[in-house]
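Below: the structure, in structure tokens.
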Amino acid sequence: MSTKPRPVYTNLNVFADLPGYRLPVAGFVSILHRISGFLMFLLLPFVIWLFDTSVSSEVSFESFRSAFDAGIGFVPALLVKLICLALIWAYLHHLLAGMRHLRMDVAHAVSKEQGKSSAIVVLVLSLGLTLLLGAKLFGLY
């Protein structure tokens, strides 16, 4: 009877081992879920300002609109739009990945293939919807 040797586990050397490590799609989506949540938290004051200026009065709404046309102070309008595009992606990705995680929690039995396919669906939908809404944000339609 031959027994195969037990694997030896060693500590991970970040600089030597990580560049060659291939992260599965589900792991990539999970990391992006955390990044998108952090990005939304980081930009929360900007979101609150956008909401406040858009609903306070007609004058403040015009300053809200001018932020996308002329910028805010020394910040150019392109940068404001790019920040909003990042927020759009963060919200969409976080929402879809969160729904994916909830579905996996409810199902209790998720195979590796189901995890991979649902991760691909999350990536495709979040990026596709971001491109669609980004095209609207930048005035392409």
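For residues that are farther than 16 Å from Gly139 by Cα and touching a residue at least 24 places away in the same chain (Cβ under 8 Å), tally how many sit in segment 67-87.
2
Among the candidates Leu43, Leu39, Leu23, Leu12, which residue alone is at pLDDT 90 or above and under 30 Å from Gln114 (Cβ atoms)?
Leu39
For residues in segment 17-44 being of a type in the set (A, V, I, L, M, F, W, C) and farther than 29 Å from Ser111 by Cβ, which is surrounded by the most Cβ atoms within 10 Å (Cβ to Cβ)?
Leu39
When you check Ile83 against the structure, is it assigned to a helix (DSSP H, G or I) and either over 30 Å from Gln114 (Cβ atoms) or more than 26 Å from the chain's Cα centre (by Cα) (or both), yes or no?
Yes; evaluated as a whole, the condition is true for this residue.
Among what's in segment 93-106 and is surrounded by fewer than 17 Cβ atoms within 10 Å (Cβ to Cβ) and not basic (Lys, Arg), pick the residue that is farthest from the chain's Cα centre (by Cα).
Step by step, filter segment 93-106, then rank; the result is Val106.
Give the residues of segment 45-62 that are without any contact (Cβ under 8 Å) to a residue 12 or more places away in the chain, within 20 Å of Tyr91 (Cα to Cα) and surrounded by 11 or more Cβ atoms within 10 Å (Cβ to Cβ), sorted by residue number.
Listed by number, the residues that qualify are Trp49, Phe51, Asp52, Ser54.
Which one of these is of a type in the set (Gly, Ala, Ser) and within 14 Å of the chain's Cα centre (by Cα): Ala77, Ala90, Ala70, Ala109?
Ala90
Can you tell me which residues in segment 63-79 are surrounded by fewer than 19 Cβ atoms within 10 Å (Cβ to Cβ) and part of a helix (DSSP H, G or I)?
Matches in segment 63-79: Ser63, Phe64, Arg65, Ser66, Phe68, Asp69, Ala77, Leu78, Leu79.
The values are calculated or read from the model by the stated rules, or taken from the named source; none is laboratory data. Just so you know, these numbers come straight off a predicted model, no measurement behind them. Ideal geometry is used to build each Cβ from the backbone, glycine not excepted, and the neighbour counts take in all protein chains shown.
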